[in-house]
Amino acid sequence: MKNLSSEEIDLLRHNARCVVRELGLLNDAYFEIGVTLAERHLLIELASWDSPTMGEIAERLLLDKSTASRLIGKAMKKGYIQYTSDAKDKRKKIIHMTEVGRRTLAAFEPIAFNQTKDALSTLSAEEIELVYRGVALYAKGLKNSRLKNRKLIEERDRLDEINGRWAGLGLALRLFAEGDEERLYEIFREVVDSGNQFPYESNSIQEFHRQFFGPNSQVYVVHSSGGEILGGFFIKPNFSGRSDHIANAAYMIKSTHRGQGIGTLLAKASLEIAKELGFQAMQFNMVFSQNFVALKLYQKLGFNIVGTIPSAIRNPDGNYQTGYVLHRELDM
Ligand SMILES: CC(C)(COP(=O)(O)OP(=O)(O)OC[C@H]1O[C@@H](n2cnc3c(N)ncnc32)[C@H](O)[C@@H]1OP(=O)(O)O)[C@@H](O)C(=O)NCCC(=O)NCCS
């Protein structure tokens, strides 16, 4: 994106103000008809939309629910619209335009149409094309920025919610520090020794380092208020090069603390952290078909089984079990 100067930004703002003034929106060219700008948008939408609900109108007009409700209340008082209750769900109100609404629309629509037509008729075909493209591009930019801001707010809310739930359990999540090594390694050893959760042959400290502390790996630990390490996870690119937008992670919780929702929170937090790190998706390469808890957890969080590898894992008793590849987009 080009670095814009404040003069360039102010120039567009100035031109946008000129458009608003020329359209007579400050005088309100429609004053005689007694219809506000928001009511005009409402009636224009209703003319081409069969029986929307209040929520749908709010979404279409980019209004929050309470503003939409006030707009609809005023439009009803003026007799432009009325509502009926949905046959299946009585709480759902369906909005309809009345005869008064249709007459009002017919009174202001030609004014706006002719205003636009007269303005365009003073321009060349090339200039008209530029106007179409320019206005459409500006609307696109405004939309992009609105969606980006909404996404940031949603992500912050999700992280706040996760942090609140950690606090509710008397726990906290933080980046691994050197002093955590021994206690996190104990949990690693416990999981590897179970033989049924991680596919590593060795429970050695070297194996622990190899799996958890690669060059692009980040390790997080969850601890109690007393400082006891209860589990953790690593997060790293699943592949290098042109696939490094896909993350990989592995979670482990001390056996005494499983089944209390900690793993769910840990995995949810890792998805938010992965997004913050710029990953677009998360993939697990070898989830044991007999690791029912992990499979249940991942599928609950929106992961899909995208691959099935028969006889992928040798069990300690000499039999084999299937391995699954699980994948999830992060932007969902
Ligand atoms: C996988 C693991 C991280 C999950 O952590 P956890 O704290 O036990 O998970 P949660 O308590 O959040 O439970 C997750 C889901 O599994 C269910 N679950 C947990 N333990 C269960 C059990 N023993 N039997 C049946 N369901 C169980 C929970 O009910 C929950 O589902 P729900 O939300 O629908 O109720 C943990 O079991 C673990 O460390 N396992 C060993 C390492 C491992 O397998 N890692 C994954 C490798 S792919």
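The values are calculated or read from the model by the stated rules, or taken from the named source; none is laboratory data. The structure displayed is predicted, hence computed values, not measured ones. Glycine gets a Cβ as well: all are built from the backbone with ideal geometry, and neighbour counts include every protein chain shown.
Inspect segment 290-301 for any residue being under 15 Å from the mean Cα position of the chain (by Cα), in the same structural domain as Gly231 (by TED's automatic domain parsing) and modelled with pLDDT of 95 or more and give the result as yes or no. Taking every residue of segment 290-301 in turn, at least one turns out to be under 15 Å from the mean Cα position of the chain (by Cα), in the same structural domain as Gly231 (by TED's automatic domain parsing) and modelled with pLDDT of 95 or more.
For segment 246-264, the set of residues classified as more than 7 Å from the ligand (Cβ to nearest atom) and under 26 Å from the mean Cα position of the chain (by Cα) consists of Ile246, Ala247, Asn248, Ala249, listed by residue number. I'd like to check something: does segment 313-321 contain any residue that is modelled with pLDDT under 95, within 14 Å of the ligand (Cβ to nearest atom) and in the same structural domain as Phe188 (by TED's automatic domain parsing)? Yes - at least one qualifying residue is present in segment 313-321. Every test in (1) within 29 Å of the chain's Cα centre (by Cα); (2) hydrophobic (A, V, I, L, M, F, W, C); (3) part of a helix (DSSP H, G or I); (4) closer than 30 Å to Ala250 by Cα is passed by Leu137 save one, and that test is (4). Of all residues in segment 157-187, those satisfying the criterion of being more than 13 Å from Ile262 (Cα to Cα), over 24 Å from the mean Cα position of the chain (by Cα) and not in a helix (DSSP H, G or I) are Leu175, Phe176, Ala177.
Counting only strands (runs of 3 or more DSSP E) wholly contained in segment 226-332, the ones carrying 2 or more residues that are over 24 Å from Glu181 (Cβ atoms) and not charged (D, E, K, R) occupy 281-288, 304-314, 320-329. Count of segment 265-290 residues, restricted to those that are within 11 Å of the ligand (Cβ to nearest atom) and either surrounded by fewer than 16 Cβ atoms within 10 Å (Cβ to Cβ) or among the hydrophobic types (A, V, I, L, M, F, W, C) (or both), is 8. Among the residues of segment 291-312, the ones that are more than 30 Å from Arg156 (Cα to Cα) and either more than 9 Å from the ligand (Cβ to nearest atom) or among the basic types (Lys, Arg) (or both) come to 6 in all. For segment 236-245, the count of residues that are within 16 Å of the ligand (Cβ to nearest atom) and within 28 Å of the chain's Cα centre (by Cα) is nonzero. Within segment 257-269, residues that are without any contact (Cβ under 8 Å) to a residue 40 or more places away in the chain have Cβ atoms under 8 Å from residues that are more than 7 Å from the ligand (Cβ to nearest atom) and part of a loop (DSSP other than H, G, I, E, B) in these pairs: Thr264/Leu301; Ala267/Leu301, counting only partners at least 6 apart in sequence or on another chain. Residue count for segment 62-114 under the criterion of being outside any helix (DSSP H, G or I), surrounded by 14 or more Cβ atoms within 10 Å (Cβ to Cβ) and hydroxyl-bearing (Ser, Thr, Tyr): the result is 3.
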